[in-house]
Amino acid sequence: MTPPRSPTATRIGVDLCVLRAPYPLSLQRCVRSGLEALRGRDDVETVRLGPMGGSRGHWRLRGLGRAARRSEVDGVHAFVSGFSPTAPGPRIQTVHELPWHHGESENADLRHRLWIRLGGRFARAIVCPSEHVARDLRAELGSAGERVRVIPWGVDRRFGEAAGEGGPTVELGGEPFDRATLLLPLGGRTKKRASAAVEALAHLPRSVRLVVTGPDGPGLDAARARAAALGLGQRLHHVPWIEESDLPLALAASGAVLALARSEGFAHPVLEALATGTPVVAAPGGAQEELAGGCAELADPEDSAGLAAAIGRALAWTEEQRRAARERAARFTWERWAESTALLWRELTQGSA
């Protein structure tokens with residue numbers, strides 16, 4: 001039975017397909033935080049629409065539109081590039097990255113490219129989490145690029161609350177995290193460039209360790225092989241799983257967080273690390289640099305000596321630099337995301353800002 005609707009709120013159908021595998025936990029965390037931020041507003045009402053089974057493609061192309069009509073929503077919001085071209089009312093698509101614009105093959109398959117093309121035809125608005133991605137998308141879509149909007153995600157308050165809580169050493173997943181730890185989240189993925197981090201490790205003091213988190217994968221396999229060749233195997237460590245509740249502590253305890261990918265959409269670990277006051281070392285020219293806003297050490301990952309120098313600068317950050325990092329991350333709130341999202345929906349459904 002469809003719940004009664006508010007006479008003044010915009011009724012948005014939300015595709016919950018994203019809240020299950022294979023979507024990354026960081027994205028699922030963002031979606032949940034965003035929905036919670038919208039829940040307290042009186043101008044927006046969210047209706048959660050989730051698949052009962054079958055493939056994601058079938059759900060979006062057929063089931064989601066039917067579910068939206070039954071729920072009498074004003075439009076449908078998708079948190080990923082896959083959306084329903086047949087749903088009633090305005091449709092919002094979210095595009096996180098266009099990796100083929102930056103020489104990356106991960107998530108650059110034909111399906112992703114097709115969804116982006118469909119968004120250019122059937123979505124009333126296309127949301128990107130950073131201006132870096134929006135530029136790529138506008139170049140991809142041509143005249144349809146005028147429908148692209150930038151709405152950055154927020155950063156959960158718990159990351160800021162963890163600032164200074166790391167202490168001398170924290171043990172998580174059987175590994176110590178301390179100021180000599182270089183943390184590389186999800187380093188099993190090739191695009192995270194764990195091998196480049198290993199190359200830089202050779203130029204750093206022996207006390208410095210590289211800890212790769214997340215599932216195993218080809219990126220970590222290559223890093224292990226390179227570490228063995230350089231005699232650095234004892235300085236490369238893998239923690240497959242860190243509990244969600246422990247993520248802020250892991251970031252706060254580490255000496256620096258590495259963000260070396262050429263293609264990222266929002267680069268959650270960058271702002272989450274900065275929120276804790278932990279330095280970030282990032283590849284230049286992408287979303288990481290944009291979001292850090294001057295609060296990151298930049299280095300070309302292909303230049304191992306230059307990357308090592310940037311890491312050395314990060315490990316020597318002053319308290320003033322850490323404070324500036326926390327202030328930068330504090331700008332990205334879920335309330336700000338919810339306000340921008342609600343404003344966009346009002347524009348689409350009422351024709352006014």
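The values are calculated or read from the model by the stated rules, or taken from the named source; none is laboratory data. What you see is a predicted model, and the numbers here were worked out from it, not measured in a lab. Here the Cβ is made from the backbone with ideal geometry for all residues, glycine too, and neighbour counts use every protein chain on show.
Checked against (1) assigned by TED's automatic domain parsing to the domain that holds Arg206; (2) closer than 23 Å to Leu98 by Cα, Trp337 meets all criteria but (1). Scan segment 187-232 for residues that are farther than 23 Å from Leu172 by Cα and among the β-branched types (Val, Ile, Thr) and the total you get is 1.
Counting only helices (runs of 4 or more DSSP H) wholly contained in segment 91-177, the ones carrying 3 or more residues that are touching a Gly at 6+ places or on another chain (Cβ under 8 Å) and of a type outside the set (Lys, Arg) occupy 131-141.
Of the residues making up segment 316-346, those that are more than 23 Å from Glu36 (Cβ to Cβ), more than 21 Å from the chain's Cα centre (by Cα) and in contact (Cβ under 8 Å) with a residue 24 or more places away in the chain number 5.
One residue is enough: does segment 204-216 have a residue meeting the conditions assigned to a loop (DSSP other than H, G, I, E, B) and of a type in the set (Ser, Thr, Tyr)? There is at least one residue in segment 204-216 that is assigned to a loop (DSSP other than H, G, I, E, B) and of a type in the set (Ser, Thr, Tyr).
Exactly one residue among Ser55, Ser130, Ser71, Ser81 is among the hydroxyl-bearing types (Ser, Thr, Tyr) and at pLDDT below 95, and that residue is Ser55.
For segment 39-62, the tally of residues that are within 12 Å of Ala338 (Cβ to Cβ), crowded, with 17+ Cβ neighbours inside 10 Å and in contact with a Phe, Trp or Tyr (Cβ under 9 Å, 6 or more places away or on another chain) stands at 1.
Restricting attention to segment 286-308 and to residues that are surrounded by fewer than 17 Cβ atoms within 10 Å (Cβ to Cβ) and touching a residue at least 60 places away in the same chain (Cβ under 8 Å), the residue that is nearest to the chain's Cα centre (by Cα) turns out to be Glu302.
Just for segment 8-23: of the residues that are over 14 Å from Ala68 (Cβ atoms), under 23 Å from the mean Cα position of the chain (by Cα) and touching a residue at least 24 places away in the same chain (Cβ under 8 Å), which one is surrounded by the most Cβ atoms within 10 Å (Cβ to Cβ)?
In this case the residue turns out to be Val18.
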